[in-house]
1. How many residues, within the range 237-272, are farther than 25 Å from ILE90 by Cα and crowded, with 19+ Cβ neighbours inside 10 Å?
2. Considering every residue within the range 164-172, establish whether at least one is over 18 Å from the mean Cα position of the chain (by Cα), under 15 Å from ARG260 (Cα atoms) and surrounded by 15 or more Cβ atoms within 10 Å (Cβ to Cβ).
3. Go through (1) among the acidic types (Asp, Glu); (2) in contact (Cβ under 8 Å) with a residue 40 or more places away in the chain; (3) in contact with a helix residue (DSSP H, G or I) (Cβ under 9 Å, 6 or more places away or on another chain) and name the single condition GLU109 misses.
4. Are any residues in the range 10-61 in a strand (DSSP E or B) and of a type in the set (Gly, Ala, Ser), and if so, which ones?
5. Just to be sure, is LEU191 open to solvent by less than 40 Å² (accessible area, probe 1.4 Å) and either under 21 Å from ALA46 (Cβ atoms) or hydrophobic (A, V, I, L, M, F, W, C) (or both)?
6. Of the conditions (1) in contact (Cβ under 8 Å) with a residue 24 or more places away in the chain; (2) within 20 Å of LEU287 (Cα to Cα); (3) open to solvent by 40 Å² or more (accessible area, probe 1.4 Å), LEU200 fails just one. Which one is it?
7. Identify all residues within the range 101-135 that are within 11 Å of GLY146 (Cα to Cα), open to solvent by less than 20 Å² (accessible area, probe 1.4 Å) and assigned to a loop (DSSP other than H, G, I, E, B); write none if there are none.
8. Looking at the range 66-97 only, could you name the residues that are without any contact (Cβ under 8 Å) to a residue 12 or more places away in the chain and either of a type in the set (A, V, I, L, M) or buried (at least 16 other Cβ atoms within 10 Å of the Cβ) (or both)?
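The values are calculated or read from the model by the stated rules, or taken from the named source; none is laboratory data. This structure is a prediction, so every number in the text was calculated from the model and none was measured. Cβ sites come from the backbone with ideal geometry, for glycine too, and all protein chains shown count toward neighbours. Protein only, heavy atoms only, side chains kept; ligands, DNA and RNA dropped before computing areas. Shrake-Rupley method; radii C 1.70, N 1.55, O 1.52, S 1.80 Å.
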Amino acid sequence: MPGKTGKRERRLKPFYRIARLILIIYAIALFFRWSNHSLQVTRWKAVFPDLPDGFDHCRIVILADLHGAEFGENNQKLFQTIAKQSPEYIFYLGDLEDSFRGPVENYAEQIADGLSKIAPVFYITGNHEWAIGSVPRLKKRLTEHGVTVLSNNFVILRRDQSELILAGIDDPNGYAGQKSPEALRDEIDDLYGDDKFWFLLAHRNDYFPREYYALGADMVFSGHGHGGLIRLPFTDGLVSTSRTFFPSWTAGFYDKGGSRLFVTRGLGNSGRTFRLFNRPEIAVITLRKA
């Protein structure tokens with residue numbers, strides 16, 4: 001009997017190995033799907049000594065880089081998760097759809113309707129909008145569905161008898177000769193002087209350390225970096241969107257030259273890229289006065 005048992009165990013060993021291998025592959029596939037399709041809400045506090053009093057405790061949801069992704073049927077899971085955060089404003093920082101996959105009919109309207117039912121939405125273009133084309137028509141469609149498009153201009157936000165300037169610029173892939181960020185800054189300076197408090201929405205995170213920081217905004221909000229795609233310990237991501245290794249300025253807060261940057265890791269993937277240890281992000285920022 002012991003001999004027969006030993007033979008049976010030897011015959012079964014290959015099946016055990018195959019079963020373990022299948023389980024490992026299945027677990028990896030589940031983790032990969034979770035990393036790319038499971039929404040993560042991150043919460044941040046942005047503290048300013050000169051924040052207008054009325055904006056203390058104001059909550060803003062920051063979104064970017066959907067690239068045509070879908071979270072739940074008709075993105076209902078995305079909308080429900082955002083609504084639970086009770087934002088007062090939503091900033092959408094470009095790359096609504098993906099130029100490699102092309103636009104999806106009524107996708108922009110679906111996103112605009114879903115978000116604008118939750119809170120006022122402010123939108124700027126990213127590089128993929130310009131790569132797809134028909135940007136003026138896209139802006140018109142979004143505006144007709146309740147979104148405020150900031151196209152090298154600004155608006156005044158009002159809360160509890162206080163005012164805050166919110167400016168937004170088109171992606172550098174926009175029209176040649178479009179108004180520069182510096183020209184927009186000068187317009188704001190001429191109207192409101194040096195004591196103004198203002199935010200800037202600008203899609204490209206990597207322009208902050210070489211250009212946008214010098215505009216003097218109290219905070220710049222950006223996307224584009226996708227969190228470095230694969231986030232490893234002690235790094236700011238493995239690969240940039242321009243395919244360089246170990247980028248910076250890809251997620252969270254950064255400071256330079258008296259200006260601050262916040263970068264969201266975004267929600268979707270472009271082309272055949274994927275996320276690892278870098279789940280799709282809904283960023284919630286609460287403004288605080290020091």
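1. 3
2. Among the residues of the range 164-172, not one is over 18 Å from the mean Cα position of the chain (by Cα), under 15 Å from ARG260 (Cα atoms) and surrounded by 15 or more Cβ atoms within 10 Å (Cβ to Cβ), which makes the answer no.
3. Answer for GLU109: the failing condition is (2).
4. Result: ALA46, single match.
5. No; evaluated as a whole, the condition is false for this residue.
6. LEU200 satisfies all of (1) in contact (Cβ under 8 Å) with a residue 24 or more places away in the chain; (2) within 20 Å of LEU287 (Cα to Cα); (3) open to solvent by 40 Å² or more (accessible area, probe 1.4 Å) except (3).
7. Selection gives ALA119 alone.
8. GLU70
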